[in-house]
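Report on one structure; see the data block that follows.
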Amino acid sequence: MEEHWMWYLTGMVDSVGVFSGKIKKDDEFSIGYRFTPTLSISRNEKKEVVLGMVDEYCEDHGVIYRTENRTNGSSQIIIYQPESIKRFIEPIFSGLIQQQDEAEIMLDEILPMVEDGKHTTKRGMFEIAGHLDTLRESVFRGKKGKYTQGYFGHEWQEELF
């Protein structure tokens, strides 16, 4: 990919990328919850050049992703595997401005915890939820998800403290 396209992609991630994760109840896990880190990028379906650029970048960097179509004609690229999130972000990290702190939390805090299996422990999920709270505050301006650090602190109080 040509350098000017890399900078365009970096700007797109900086403006419409969302670093987050999904916590869902799941009885197949010993703690009763499953966590999946995510990087999502919204895109307008009418911009074929942008679609091709993101697809090319993902292919070039071995990034596994899925696309979800929305009713408003846009779609969202969702990258959910830790290694793919790293492969996507690391080459463009230095160009991020607005989202550099969020990318750093994902790369330096959340992904290493997932890679070490800490997301399968109550203490690890509690810590990850705290990082997600920080990410939500910056992106959604204080909007909280259901599974916050406070939620897990209340639910697992005796085991955590």
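Residue under question is SER20, and the condition is that it be surrounded by fewer than 17 Cβ atoms within 10 Å (Cβ to Cβ) and not aromatic (Phe, Trp, Tyr); does it hold? So SER20 fails the test. Residue count for the range 113-129 under the criterion of being in a helix (DSSP H, G or I) and polar (S, T, N, Q): the result is 1. Among residues of the range 78-95 that are in contact (Cβ under 8 Å) with a residue 12 or more places away in the chain, those with a Cβ under 6 angstrom from a residue that is open to solvent by 60 Å² or more (accessible area, probe 1.4 Å) and assigned to a helix (DSSP H, G or I), sequence gap 6+ or separate chain, pair up as PRO82/GLU115.
Matching residues to (1) in contact with a helix residue (DSSP H, G or I) (Cβ under 6 Å, 6 or more places away or on another chain); (2) open to solvent by 20 Å² or more (accessible area, probe 1.4 Å); (3) basic (Lys, Arg):
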{"position": "GLU68", "(1), (2), (3)": "no, yes, no"}
{"position": "GLY73", "(1), (2), (3)": "no, yes, no"}
{"position": "ILE78", "(1), (2), (3)": "no, no, no"}
{"position": "LYS86", "(1), (2), (3)": "no, yes, yes"}
{"position": "ILE92", "(1), (2), (3)": "yes, no, no"}
{"position": "ASP101", "(1), (2), (3)": "no, yes, no"}
{"position": "ILE105", "(1), (2), (3)": "yes, yes, no"}
{"position": "GLU109", "(1), (2), (3)": "yes, yes, no"}
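The requirement of being open to solvent by less than 70 Å² (accessible area, probe 1.4 Å), modelled with pLDDT of 95 or more and either under 20 Å from LYS25 (Cα atoms) or hydroxyl-bearing (Ser, Thr, Tyr) (or both) is fulfilled nowhere in the range 53-61; no residue meets it. Are any of the residues in the range 113-129 touching a Leu at 6+ places or on another chain (Cβ under 7 Å), charged (D, E, K, R) and more than 23 Å from HIS4 (Cα to Cα)? So far as the range 113-129 goes, yes, one or more of its residues are touching a Leu at 6+ places or on another chain (Cβ under 7 Å), charged (D, E, K, R) and more than 23 Å from HIS4 (Cα to Cα). Only one of the numbered conditions (1) more than 14 Å from the chain's Cα centre (by Cα); (2) surrounded by 15 or more Cβ atoms within 10 Å (Cβ to Cβ); (3) closer than 21 Å to SER40 by Cβ; (4) not small (Gly, Ala, Ser) is violated by LYS146, and that is (2).
Residues in the range 64-73: is at least one over 13 Å from the mean Cα position of the chain (by Cα) and assigned to a helix (DSSP H, G or I)? Taking every residue of the range 64-73 in turn, none turns out to be over 13 Å from the mean Cα position of the chain (by Cα) and assigned to a helix (DSSP H, G or I).
The values are calculated or read from the model by the stated rules, or taken from the named source; none is laboratory data. The structure presented is a predicted model; accordingly, all values stated were derived computationally and were not measured. FYI the Cβ positions are ideal-geometry reconstructions off the backbone, even for glycines, and counts take in every protein chain you see. These accessible areas exclude ligands, DNA and RNA; they are computed on the full protein's heavy atoms, side chains included. Shrake-Rupley method; radii C 1.70, N 1.55, O 1.52, S 1.80 Å.
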